[in-house]
Amino acid sequence: MTSTKLSPQVTIARLENGDKLNRFEFEHRYSAMPDLKKAELIEGIVYMASPLRITQHGEPHAHIMLWLGFYTSFTPNLQLGDNCTVRLDLDNEPQPDAILRIKVGGQSTISDDDYIEGAPELIVEIAASSVSIDLHQKLNVYRRNGVQEYLVWRVENGELDWFRLLSGDYVKIEPNSEGIICSVVFPGLWLDRAALLAGNLAKVLDVLQQGLARQDHQDFVQELASRK
């Protein structure tokens, strides 16, 4: 007589909004839910995204990616990411709407399993229903972990907040007299705030081209190219 030994079935608990987990347990449960599109761990608490609306999120997100993608096309040694998981610390694993990082000589790395580890130089969040967390818990997490610049587009309010890290605190980068906000970390990354909010992408890209033509951007390009 022969017998078959059956292995007990292991059940992995589903992620739920409000779960309190460390990063390792969060990743373990997340990987067991392949149909889940977006979940984040912020200060040890799980946040799961609501369905995304086109006007309040999808279109603004696309405009940001177009703007950053155009800049990246003319600036070597950068990596642009859309909704990439970022391992920051044991209690925080966000999935920002956009990240821009320096690939060689920057402050983040890519793990063997293809995740960002450490703080990208720039993070962008499109904030509609998530505005409270984006401007409070996430802001503190990004500041504490050394994200150099953080841009929040508050779609419902028609506002943009662009912060830079200075002496351990975030300070807002104010528009110049022409209404243009200029990145400190990425020379030439110029943003016409009013044009972006109005959906005038032609003007957004025209102003960005002005930034790309400046000598400080050319110097930055040469510096980045020398790191390869």
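The values are calculated or read from the model by the stated rules, or taken from the named source; none is laboratory data. These numbers were taken from a predicted model, which means no experiment stands behind them. Glycine also receives a Cβ, built like all others from the backbone with ideal geometry; neighbour counts cover every protein chain displayed. Note: accessible area is taken over every heavy atom of the protein model, side chains too, but ligands, DNA and RNA are not part of it. Shrake-Rupley method; radii C 1.70, N 1.55, O 1.52, S 1.80 Å.
Here are a few things to note about the model shown:
- Segment 1-24 residues that are more than 23 Å from Leu88 (Cα to Cα) and open to solvent by less than 100 Å² (accessible area, probe 1.4 Å), paired with ones that are at pLDDT 85 or above and part of a loop (DSSP other than H, G, I, E, B) (beta carbon under 8 Å, 6 or more apart): Ile12/Ala32
- Boolean, Asp192 is more than 15 Å from the chain's Cα centre (by Cα), crowded, with 19+ Cβ neighbours inside 10 Å and not basic (Lys, Arg): yes
- Hits in segment 135-164 - residues which are among the polar types (S, T, N, Q) and part of a helix (DSSP H, G or I): Gln137, Asn140, Asn145
- Selection within segment 154-165 - modelled with pLDDT under 95 and of a type in the set (A, V, I, L, M, F, W, C): Val155, Leu160
- If you go through segment 137-160 and keep only what is closer than 12 Å to Glu125 by Cβ and open to solvent by 20 Å² or more (accessible area, probe 1.4 Å), you end up with Gln137, Leu139, Arg154, Val155.
- Here is the figure for segment 169-184: residues that are open to solvent by less than 40 Å² (accessible area, probe 1.4 Å) and either on the phi > 0 side of the Ramachandran plot or part of a loop (DSSP other than H, G, I, E, B) (or both) total 3.
- For segment 33-51, the criterion of being under 27 Å from Gly188 (Cβ atoms) and either assigned to a loop (DSSP other than H, G, I, E, B) or of a type in the set (A, V, I, L, M, F, W, C) (or both) is satisfied by no residue at all.
- Failed criterion for Leu201 (all others in (1) surrounded by fewer than 20 Cβ atoms within 10 Å (Cβ to Cβ); (2) touching a helix residue (DSSP H, G or I) at 6+ places or on another chain (Cβ under 7 Å); (3) without any contact (Cβ under 8 Å) to a residue 60 or more places away in the chain hold): (3)
- Test: Asp192 is more than 28 Å from Glu43 (Cβ to Cβ) and of a type outside the set (A, V, I, L, M, F, W, C): yes
- Those residues of segment 40-58 which are surrounded by 14 or more Cβ atoms within 10 Å (Cβ to Cβ) and in contact (Cβ under 8 Å) with a residue 12 or more places away in the chain, in sequence order: Glu40, Leu41, Ile42, Glu43, Gly44, Ile45, Val46, Tyr47, Met48, Ala49, Gln56, His57
- Residues (closer than 23 Å to Asp219 by Cβ and over 19 Å from the mean Cα position of the chain (by Cα)) located in segment 171-187: Asn176, Glu178, Ile180
- Complete set of residues in segment 54-66 that are in contact with a strand residue (DSSP E or B) (Cβ under 7 Å, 6 or more places away or on another chain) and either outside any helix (DSSP H, G or I) or modelled with pLDDT of 95 or more (or both): Pro60, His61, Ile64, Met65
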